[in-house]
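The values are calculated or read from the model by the stated rules, or taken from the named source; none is laboratory data. Not measured: the values here are computed from a predicted model. No Cβ is skipped: glycine too gets one built from the backbone with ideal geometry, and neighbour counts run over all protein chains shown.
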Amino acid sequence: MIPKERTLSFGESNDISMNQQNNEIKVTEYETLPGAVEQDDAELQEEKEERPPKSAAKELFEWVELFAYSVGIVIVLFTFFCRIAVVSGPSMESTLFNGEVLLVSDLFYEPTPGDIIVFQSNTIFDNEAIVKRVIATEGQVVDIDFQNWIVYVDGKAVEEPYVNAEAGRYMNASDYTFPLTVEPGKIFVMGDNRNHSTDSRDKRIGLIDERFVLGRVLFRVLPTDSFGTVD
């Protein structure tokens, strides 16, 4: 580009930066030489052509490397933070159904009434992973009105819209005498399908030791059309 100068009188307007001296304004203009743009484009094109293309083997290696990293992350995630559980039986209907796959986590988890959890029991379930709902935790007092399907915790009726109550029938009774105070380090659990659930009402299961809790259910993974959080 070649610089050119010209003089403007006051009163003329120009957006270009100007130098004022002796009541005159000198404006420097630049003129692009013909063919300069074409030369720059040609140089950029040459630089692109000089870059060696990725070989198919290198590109494949990068994809394999990315896949390996992804698998590693998933393994760490499921080893330390999450696990998969499968619903077995009808005890949690109509919240959960037989065969559904759940994502469970015990990261910083403390059992809370209303949570759906997975635990192991070395009683009649022979260490099988069991899915139930937490009704009460240590120190809380549980009482049950079996005729009217009402559960009380610390004297207050629990709102349970998820319970599959059977009209005209009583809720299945218990081996325990109520009111029942939950022992330290234990939790009281029941299935949402109360008359088709073996749970803390049955002394063969009883109160669940918190150490056997595998975690809280976070998501339903399968079937895909039911994917999402579980309440």
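Summary of computed values
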read-out	value
Where a residue in region 176-191 is within 21 Å of Val213 (Cα to Cα) and its partner, wherever it lies, is among the small types (Gly, Ala, Ser) and surrounded by 15 or more Cβ atoms within 10 Å (Cβ to Cβ), with Cβ under 6 Å and at least six apart	Val182/Ala136; Phe188/Ala136; Phe188/Ser200; Val189/Ser200; Gly191/Ser91; Gly191/Ser197
Filter result (assigned to a strand (DSSP E or B) and of a type in the set (A, V, I, L, M)) within region 85-118	Ala85, Val86, Val101, Leu102, Leu103, Val104, Ile116, Ile117, Val118
Whichever residue in region 172-202 is more than 14 Å from Pro113 (Cα to Cα) and of a type in the set (Asp, Glu) and, among such residues, is surrounded by the fewest Cβ atoms within 10 Å (Cβ to Cβ)	Asp175
Residue ID - modelled with the highest pLDDT, chosen from residues in region 153-168 that are over 14 Å from Val142 (Cβ atoms) and acidic (Asp, Glu)	Glu159
Pick from region 176-231, criterion aromatic (Phe, Trp, Tyr) and touching a Leu at 6+ places or on another chain (Cβ under 8 Å), ranking: nearest to Gly139 (Cα to Cα)	Phe188
Residues being within 17 Å of Tyr176 (Cα to Cα) and of a type in the set (Lys, Arg) - total across region 192-231	4
Total residues in region 119-168, condition outside any loop (DSSP other than H, G, I, E, B) and among the aromatic types (Phe, Trp, Tyr)	2
Whichever residue in region 114-143 is modelled with pLDDT of 95 or more and polar (S, T, N, Q) and, among such residues, is farthest from the chain's Cα centre (by Cα)	Gln140
Flag if Ile205 is out of contact with any Gly (no Cβ under 9 Å at 6 or more places or on another chain), hydrophobic (A, V, I, L, M, F, W, C), closer than 24 Å to Tyr109 by Cα and assigned to a loop (DSSP other than H, G, I, E, B)	yes
Index of the failed condition, Ile205 passing every other in (1) surrounded by 13 or more Cβ atoms within 10 Å (Cβ to Cβ); (2) more than 15 Å from Asp115 (Cα to Cα); (3) in contact with a strand residue (DSSP E or B) (Cβ under 7 Å, 6 or more places away or on another chain)	(3)
Check on Ser94, more than 15 Å from Arg216 (Cα to Cα) and either in the same structural domain as His196 (by TED's automatic domain parsing) or free of Cβ contacts under 8 Å to residues at least 60 places away in the same chain (or both)	yes
Within region 169-190, tally of residues that are at pLDDT 95 or above, in a loop (DSSP other than H, G, I, E, B) and of a type in the set (Ser, Thr, Tyr)	1
